[in-house]
Amino acid sequence: MRADLGSLAASLKAAPLKDLATARAGQASLSAAGWTADLSRQYLDAESDAALLAHGAKAGLEDAAASLFNGDIVNPSENRPALHWALRAQAPLSGEAEKVRQSVLPALEFARRVQEGDIRTVGGASYKAVLHIGIGGSDFGPRLIADAFADLAAPGIELRFCANVDPWDLEHALTGLDPASTLVVGVSKSFGTEETLYNLGRARKWMEASLGAEASRQIALVTANPDRAKAWLGGNDGYLFDMPLPVGGRFSLWSAASLACMIYLKAGTFEAILKGAAEMDAHTRSAPLAENLPMRLALLDFWNASFLERSMRVVLAYSHRLRMLPTYLQQLEMESNGKSVGPGGVPSPYSTAPALWGGEGSVGQHSYHQWLHQGSRSVPSEFILAPDFDRDPEGITALTAHALAQAEVLANGRSLEEVRAEEPDLSDAVAKQKVHAGGRASSFLHHKAFGPEAFGSLVALYEHRTYFAGKLWGLNPFDQWGVERGKTMATRLKPALSGDGMADDPVTASLIKDLS
Ligand SMILES: O=P(O)(O)OC[C@H]1O[C@H](O)[C@H](O)[C@@H](O)[C@@H]1O
């Protein structure tokens, strides 16, 4: 099958994208949970599309969906199921999945009580600020949610985030906050992450300076390792919330990891996000492969990365609310499938996950879109048009026109003849610089009524797509061995930085000398 896909890709690579797209216009679109994805501007035709689908069937994507939702072991490295979907289930489940579903409920209840002034500070006042401390999967999701729905914030509560071990991050986050009215939420699945423990320790000291030993009563810890968290609290009171072990950090924004957002957002907002995600889950587990949006997008990722050798994908969010989505997706997709060896030590025979980057449209048009249009590389783009369509019509029309225009120009380009016909007075040299090669593939996703539910559906869509893409590449998307090495090396280098010994590597040793 691979050879078939390979030869189909080789023949399509040279085909004019405009012709391929014209042939599929209006016929290559799929819908799920209010989202529509138009895939007509991809290097596909009827034959290759059918071959890709056949490959997806042979690779067992529908069985993979069943395994995920049955709670089978889909994370062999940790010998665990992946139960992030259970956190957003809208009805009771059974077994371990039900425990996971219930794990988010105490956090929602706690948030409600903080908002209602039922849970108060050491001094008996209502909380005025929440400081979220976490990194990676314990940071990107809550940050994305808070930024997307800042207008749905409950009145009177300020939210700050701190992730980096660079001391300025915490100091900046604390600026203007009063320890007496701040709740610190520390999120770490392992409760062993250096950055988070460093920042939590400093935040505790900051609070202790005003509240003394009572400070821990204004600290909530969210973790899958309650023993370590309790040890950190050292016998003092503090709130503890569960981050279930079968939920990967980068799949955990639905869990108590988002406690700070639950407190920050008006009642019902977080529940709506969960509901939207559950809608995408229902689609994913029941839609047949040909109509299954996450499966089709995973197949597209497989096709672009492994057969058309596209080593990047650009996500262009035409929605100010989603401006942090590319950063969130970088962890979700690149940490999940940024691997070359699968379970059992079997190397993937394919080029795997592309580098993912992007940003906010139309802002990016005044920056890297130049590279997308006329740079020497052809990179598939993913447009996501999801503003609040009921806002000022002039802005919405302009945003929509820009998204549509960008996708069209990327695909269709602008030939020298077109440049000359439109601008006959140009010199030859300038006319040639105005040519756009075109042939740059894109997908176009849109939602007509974006809000918390649509947000939930979108993030769940990307989660499932990542899982299915991992399946196609023969990878386990739920582990991250590669991250560990850097941590180990940093620990080894610390003595050299404090003058105790030398780094083995001559370049590192010389850099340390320069820094001292
Ligand atoms: O939640 P934690 O255990 O603190 O982990 C925070 C993050 O750090 C790790 O190094 C992993 O690369 C991430 O997947 C994880 O989300």
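Observations
- Residues satisfying the stated conditions in region 405-425, i.e. open to solvent by 20 Å² or more (accessible area, probe 1.4 Å), in contact (Cβ under 8 Å) with a residue 24 or more places away in the chain and farther than 22 Å from LEU329 by Cα: VAL409, ASN412, ARG414
- When region 169-187 is filtered for residues that are touching a residue at least 24 places away in the same chain (Cβ under 8 Å), away from the ligand (no atom under 16 Å from the Cβ) and of a type in the set (Gly, Ala, Ser), the ones remaining, listed by number, are ALA173, ALA180, SER181.
- Qualifying residue in region 10-29 (condition: free of Cβ contacts under 8 Å to residues at least 60 places away in the same chain, over 30 Å from GLU96 (Cβ atoms) and touching a strand residue (DSSP E or B) at 6+ places or on another chain (Cβ under 7 Å)): yes
- Region 272-303, subset in the same structural domain as ALA353 (by TED's automatic domain parsing) and of a type in the set (Asp, Glu), residue surrounded by the most Cβ atoms within 10 Å (Cβ to Cβ): ASP301
- Residue among ALA10, ALA59, ALA14, ALA25 that alone is more than 25 Å from ALA437 (Cβ to Cβ) and open to solvent by 20 Å² or more (accessible area, probe 1.4 Å): ALA59
Rundown of residues vs (1) under 23 Å from PRO326 (Cα atoms); (2) in the same structural domain as ALA220 (by TED's automatic domain parsing); (3) in contact with a helix residue (DSSP H, G or I) (Cβ under 8 Å, 6 or more places away or on another chain), yes/no style:
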residue: ASP147; (1), (2), (3): yes, yes, yes
residue: GLY156; (1), (2), (3): no, yes, no
residue: CYS162; (1), (2), (3): yes, yes, yes
residue: VAL165; (1), (2), (3): yes, yes, yes
residue: VAL185; (1), (2), (3): no, yes, yes
residue: GLY192; (1), (2), (3): no, yes, yes
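- Among residues of region 188-225, those that are in a helix (DSSP H, G or I) and away from the ligand (no atom under 13 Å from the Cβ), counted: 18
- Yes/no for PRO106 being outside the structural domain of GLY212 (by TED's automatic domain parsing) and more than 16 Å from the ligand (Cβ to nearest atom): no
- Members of region 275-313 found to be outside any helix (DSSP H, G or I) and of a type in the set (S, T, N, Q), listed by number: ASN292, SER311
- Selected residue [of a type outside the set (A, V, I, L, M, F, W, C), farther than 23 Å from GLY276 by Cβ, within 16 Å of the ligand (Cβ to nearest atom) and within 21 Å of the chain's Cα centre (by Cα)] from GLY141, GLY136: GLY136
- Per-region count, region 146-178, residues in a helix (DSSP H, G or I) and open to solvent by 20 Å² or more (accessible area, probe 1.4 Å): 10
- For region 226-248, a residue qualifies if it is over 28 Å from the mean Cα position of the chain (by Cα) and either open to solvent by less than 60 Å² (accessible area, probe 1.4 Å) or within 11 Å of the ligand (Cβ to nearest atom) (or both), and the qualifying residues are TRP232, LEU233, GLY234, GLY238.
- Selection of region 432-466 for residues being closer than 12 Å to GLU382 by Cβ, in a strand (DSSP E or B) and not small (Gly, Ala, Ser) yields PHE444, LEU445, HIS446.
- Whichever residue in region 379-402 is touching a Lys or Arg at 6+ places or on another chain (Cβ under 9 Å) and either surrounded by fewer than 19 Cβ atoms within 10 Å (Cβ to Cβ) or among the charged types (D, E, K, R) (or both) and, among such residues, is farthest from TYR328 (Cα to Cα): PHE389
The values are calculated or read from the model by the stated rules, or taken from the named source; none is laboratory data. All figures in this text were calculated on a predicted structure; none of them were measured in a lab. Cβ: placed from backbone, ideal geometry, glycine included. Neighbour counts: every protein chain shown. We work out accessible area using only protein heavy atoms, side chains counted, and drop any ligands, DNA or RNA first. Shrake-Rupley method; radii C 1.70, N 1.55, O 1.52, S 1.80 Å.
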